[in-house]
Amino acid sequence: MFIGAINKGTARPKVTRRHHLLPLFIALVVALTIYPAKAHAQIIDDLEVKIPFQFHAGNAKLPAGEYRIHVLDNSDMTVMEISSVDGSISALFQIQDADANTEPAKSELIFNKYGNRYFLAQLFDEGNRSGSEVVKSTYEKKIGQTALEAQEQVPAHHRMQQGK
């Protein structure tokens, strides 16, 4: 009789725990559906840009010139590719979401400048505060231990806007 009471006493909290987990699971599912995930960078089409200086994008060092930038994998949206318009040079770099303080009046690339070295830092599309921030390379982190001297903005445009 005493053993039976002990077994009933230990079995009951397990059932109670299960009954508590189900409503918590349902609440979690509802919360995730109500609050949508933050939108990824809205740079969907290729951006074209003429960069007047040598620069770094991710781990690559690229010469001044005309470039095309696009998201590498639409399902992931964490890697972008920059390639020269003639296709002779290309590099991949990682991105993460970024928000501009104000809505950009034009599509633009923002570079961090340390001395005479430029590093691609952010990309924004015209009229959209959501953009992309380039994940800093080890080299930029090392160079950046000294103070950031300036930022340089370079206007960009979509290929469609130029009528190509």
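Brief remarks on what is shown
Here's the yes/no breakdown for (1) surrounded by 14 or more Cβ atoms within 10 Å (Cβ to Cβ); (2) within 19 Å of the chain's Cα centre (by Cα); (3) hydrophobic (A, V, I, L, M, F, W, C):
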residue: Asp76; (1), (2), (3): no, yes, no
residue: Glu81; (1), (2), (3): yes, yes, no
residue: Ser84; (1), (2), (3): yes, no, no
residue: Ser88; (1), (2), (3): no, no, no
residue: Ile95; (1), (2), (3): yes, yes, yes
residue: Ala100; (1), (2), (3): yes, yes, yes
residue: Glu103; (1), (2), (3): no, yes, no
residue: Ser107; (1), (2), (3): yes, yes, no
residue: Tyr114; (1), (2), (3): yes, no, no
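- Matching residues, region 96-126, being touching a Ser or Thr at 6+ places or on another chain (Cβ under 9 Å) and either among the polar types (S, T, N, Q) or over 18 Å from Val79 (Cα atoms) (or both): Gln96, Ala100, Tyr114, Gly115, Gln122, Glu126
- Scanning region 139-164 for residues that are modelled with pLDDT under 75 and within 27 Å of Tyr114 (Cβ to Cβ) returns Thr146, Ala147, Leu148.
- Given (1) of a type in the set (Phe, Trp, Tyr); (2) free of Cβ contacts under 8 Å to residues at least 24 places away in the same chain; (3) more than 20 Å from Gly131 (Cβ to Cβ), index of the condition Tyr67 fails: (3)
- Within region 116-149, the set of residues being buried (at least 20 other Cβ atoms within 10 Å of the Cβ) and β-branched (Val, Ile, Thr) comprises Val134 only.
- Candidates in region 75-100 are the residues that are polar (S, T, N, Q) and without any contact (Cβ under 8 Å) to a residue 12 or more places away in the chain; of these, the one that is nearest to Gly131 (Cα to Cα) is Ser75.
- When residues of region 104-145 are limited to those that are touching a Pro at 6+ places or on another chain (Cβ under 8 Å) and assigned to a loop (DSSP other than H, G, I, E, B), the one nearest to Phe53 (Cα to Cα): Ser107
The values are calculated or read from the model by the stated rules, or taken from the named source; none is laboratory data. Bear in mind the structure is a predicted one, so any value in this text is a computation, not a measurement. Don't worry about glycine lacking a Cβ; one is built from the backbone with ideal geometry, like all the others, and counts go over all protein chains shown.
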